[in-house]
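I have placed the structure first, in the form of structure tokens, so that the comments after it can refer back to it.
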Amino acid sequence: MRRLNWKSTASYVALLGGAYTLALFFSSFFGSGIDDTAYDKMFNAYRAQPWQPEVVLLAIDELTLADTAGIRGIRGPLARALRLAAAARPSVIALDVILADRGASAVEDADLSQALHSTPNLVLSSDLIEQGPIWQDPRPEFIGSAPLAHVSAQPDPDGVTRTILLERYAGKTRRWALALQAFSVSRRAQILEDLGVGLGGLNEKTLHIGSMAIPIQLKRERPGADPQRLMRVRFFPPGMTAPRISLKDLLDHPEQAARLTGKAVFIGLTAQNVDVRDRLFTPLGRLPGIEIHAAAFETMARGLFLTDVKPYWVIAVSVALMIAIGLAFRYLPGWWAYGAGALILFSAMLIPYVFFVNQRVFPFSITASVAWLGTLTAASYYHLVVRRSLRIEQASRERYQQAMHFVTHEMRTPLSAIQGSSELISRFPLTEEKRKQIALLINSESKRLARMVEIFLNVERLSAGQMELKREPVSVRDMVALCVDRVRPLGERKHIGITLLEIAEELTLSGDRELLEYACYNLLTNAVKYSPQNTEVTVSAARDDARIRIAVRDQGIGMDQKEVKQIFQKFYRTKKAEESGEVGTGIGLSIVQQIVEQHGGRIDVTSQPGQGSCFTLVMPAAAGAPMITTAERH
């Protein structure tokens, strides 16, 4: 489990909340097309258990039209087919042929009128002419007592018919959908409405036919328009179609009428080469209108209604997905988190199909966008957390290595002194006075070693934010003089003079005395180490407005500007420094820089190869110290 503090957890939750909001925004504005495409794919993927359909199609197909010399000659054969179908006593006959004009022969019109009037449980079709709008009804001599129903299609914006309009109006005249009217006639029950208020204040009238409640999907064509009442059509699944009898085959073989007994017979055009407008795109491909009406009837007959899930289901499922993603990447380690994320993504793609199998329509775009955006957000945050942990671990490793180098670099001299002194005591007979001197030296060097360890630990704690910097007044003159005294023996061995210029007594710094002494001492030892014999090191200190400048100038090997820019990098040593034979690891100046920066100061360096260097500590003066103007300094 990754350890996150409460601020990191709050940031994580806020990011996931933002991803969830963005997913909802995306699905609201761009999800309609994605949902429709997923809906069609689910129709093609679903394999339902086969059943015996109630509907039978009496098809006016290519063979029928070829035998009747086209659609104009269909009325005589249609009259004969109606008499054969009526004799078989079907539950309803729905005729999807608009009989609004005169036929080719008055005799055939009269024959068809007589056949229509003698056909029980008949439903005739009517079309809406949008220019009016007015109803294009059958001629009065054909109607008789048969109810009229509309056959208008209502494709979605992408041109695919997924629903039927349950009702249409022309003025105050209403027509029910052909499938709905046929279902009402087949059940010998009226279409009843219960007035209610739907989601968003839409006027929702629940339709009832006997004990069957017809679920309604409300939709507005444009803002401000009256809502339309639609029903999703449960088309026959792939591999299954409504039984079909060619009208010509029925006329040639009247015994085929026995297949219509007790069935809902839909008579309509199925030929592909007559009117392309009568063939509509559906989730299962292009189908003739009569097959869409038959599928809508079968939807009602078997109660296979596809209804949209309630909004609270959408919210609950999408929030659960986001929570699952957040918990997976919050608590699971490594590849387990990514594996769980992939599993949640797969589940999100599968959820709409599970609802579809159970006759519910769940918007695919919401689960997909929530899952993808949530996973990407959580995985990105997890990646950043892991990288941050790696950086912290790497920094700790570097500090450990720095500690080792510090030990070898800074502690070699006191350890050598202690080791050499102890060997003298143990191997040679010494006078009491000499033993006492050596004991004092061992004690002094051990204390110096202890101070070095303490200094190093303090620098590390300050860098890691585990320790607050001490704030005590430090006299610049006393501090610099002490460091010069400690370095002077090293300079004498190399015949290097160390000159301490006059330092004003009132110059005072505020900070950790031991850390500041170490910084000054390190600059002095470097100046002596990398200077040739018979040269001089000059130390000075002065106030410049609110800053105190402590300068160490030597006449040593010097550096070019490229080397000056790199001198404070850990473990970096110039080429001349390595060739000088002086022992070092290149870490001392890095520690000095950390100390100075922790005190709010900086280090200025000027240097030229062969002419020496000047390292200047620019530190803030202690508050309350007297200001010295430029004129006073001169």
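The values are calculated or read from the model by the stated rules, or taken from the named source; none is laboratory data. Since this is a predicted model, take the numbers as computed values, not measurements. With ideal geometry, Cβ positions are generated from the backbone for all residues, glycine too; neighbour counts draw on all protein chains shown.
Results, tabulated for the structure shown:
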quantity: Breaking point among (1) under 30 Å from GLN359 (Cβ atoms); (2) buried (at least 18 other Cβ atoms within 10 Å of the Cβ); (3) at pLDDT below 90, for ARG47; calculated: (2)
quantity: Residue identified as surrounded by fewer than 14 Cβ atoms within 10 Å (Cβ to Cβ) and touching a Lys or Arg at 6+ places or on another chain (Cβ under 8 Å) among ASP194, ASP111; calculated: ASP194
quantity: Unmet requirement for ILE366, which otherwise passes all of (1) modelled with pLDDT of 90 or more; (2) over 30 Å from PHE236 (Cα atoms); (3) surrounded by 19 or more Cβ atoms within 10 Å (Cβ to Cβ); calculated: (2)
quantity: Failed item, numbered, when ALA179 is tested on (1) within 30 Å of GLY33 (Cα to Cα); (2) buried (at least 16 other Cβ atoms within 10 Å of the Cβ); (3) touching a Lys or Arg at 6+ places or on another chain (Cβ under 9 Å); calculated: (3)
quantity: Some residue of region 58-73 being of a type in the set (Ser, Thr, Tyr) and within 51 Å of the chain's Cα centre (by Cα); calculated: no
quantity: Residue among ALA182, ALA149, ALA88 that alone is small (Gly, Ala, Ser), within 22 Å of ARG232 (Cβ to Cβ) and touching a residue at least 60 places away in the same chain (Cβ under 8 Å); calculated: ALA182
quantity: Flag for ASP127 being within 30 Å of GLN217 (Cβ to Cβ), touching a residue at least 12 places away in the same chain (Cβ under 8 Å) and not aliphatic (A, V, I, L, M); calculated: yes
quantity: Filter result for the condition that a residue is touching a residue at least 24 places away in the same chain (Cβ under 8 Å) and under 26 Å from VAL476 (Cα atoms), over GLY600, GLY588, GLY610; calculated: GLY588
quantity: Flag for ALA546 being closer than 17 Å to GLY601 by Cβ, assigned by TED's automatic domain parsing to the domain that holds VAL592 and modelled with pLDDT under 90; calculated: yes
quantity: Search result, residues across region 50-83 that are on the phi < 0 side of the Ramachandran plot and surrounded by fewer than 18 Cβ atoms within 10 Å (Cβ to Cβ); calculated: PRO50, TRP51, GLN52, GLU62, LEU63, ALA66, ASP67, ILE71, ARG72, GLY73, ARG80, ARG83
quantity: Among (1) surrounded by fewer than 21 Cβ atoms within 10 Å (Cβ to Cβ); (2) hydroxyl-bearing (Ser, Thr, Tyr); (3) at pLDDT 90 or above, the one test that SER105 misses; calculated: (3)
quantity: Search result, residues across region 165-197 that are closer than 22 Å to SER211 by Cβ and of a type in the set (Val, Ile, Thr); calculated: VAL185, ILE191
quantity: Selected residue [in contact with a strand residue (DSSP E or B) (Cβ under 7 Å, 6 or more places away or on another chain) and either modelled with pLDDT of 75 or more or of a type in the set (D, E, K, R) (or both)] from PRO489, PRO473; calculated: PRO473
quantity: First in region 334-357 and free of Cβ contacts under 8 Å to residues at least 40 places away in the same chain, second anywhere and among the aliphatic types (A, V, I, L, M) and loosely packed, with under 15 Cβ neighbours inside 10 Å, Cβ under 8 Å, 6 or more apart; calculated: none
quantity: Identity of the residue in region 318-362, part of a loop (DSSP other than H, G, I, E, B) and not polar (S, T, N, Q), that ends up modelled with the lowest pLDDT; calculated: PRO333
quantity: Any chance LEU148 is touching a Lys or Arg at 6+ places or on another chain (Cβ under 7 Å), assigned by TED's automatic domain parsing to the domain that holds LEU287 and either within 30 Å of THR37 (Cβ to Cβ) or surrounded by fewer than 23 Cβ atoms within 10 Å (Cβ to Cβ) (or both); calculated: yes
quantity: LEU306, sole failed condition from (1) crowded, with 18+ Cβ neighbours inside 10 Å; (2) of a type outside the set (S, T, N, Q); (3) at pLDDT below 90; calculated: (3)
quantity: Exclusive hit being out of contact with any Phe, Trp or Tyr (no Cβ under 7 Å at 6 or more places or on another chain) and either under 30 Å from ALA179 (Cα atoms) or in the same structural domain as TYR39 (by TED's automatic domain parsing) (or both), set ALA294, ALA320; calculated: ALA320
quantity: Considering residues of region 517-567 that are within 14 Å of VAL596 (Cβ to Cβ) and more than 54 Å from the chain's Cα centre (by Cα) only, the residue surrounded by the most Cβ atoms within 10 Å (Cβ to Cβ); calculated: VAL552
quantity: Selection within region 90-124 - farther than 24 Å from GLU291 by Cβ and of a type in the set (D, E, K, R); calculated: ASP101, ARG102, GLU108, ASP109, ASP111
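Matching residues to (1) surrounded by fewer than 16 Cβ atoms within 10 Å (Cβ to Cβ); (2) touching a strand residue (DSSP E or B) at 6+ places or on another chain (Cβ under 6 Å); (3) within 25 Å of GLY70 (Cβ to Cβ):
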position	(1), (2), (3)
PRO237	no, no, no
PRO243	yes, yes, no
LEU250	no, no, yes
ALA264	no, yes, no
GLY268	no, yes, yes
PRO288	no, yes, yes
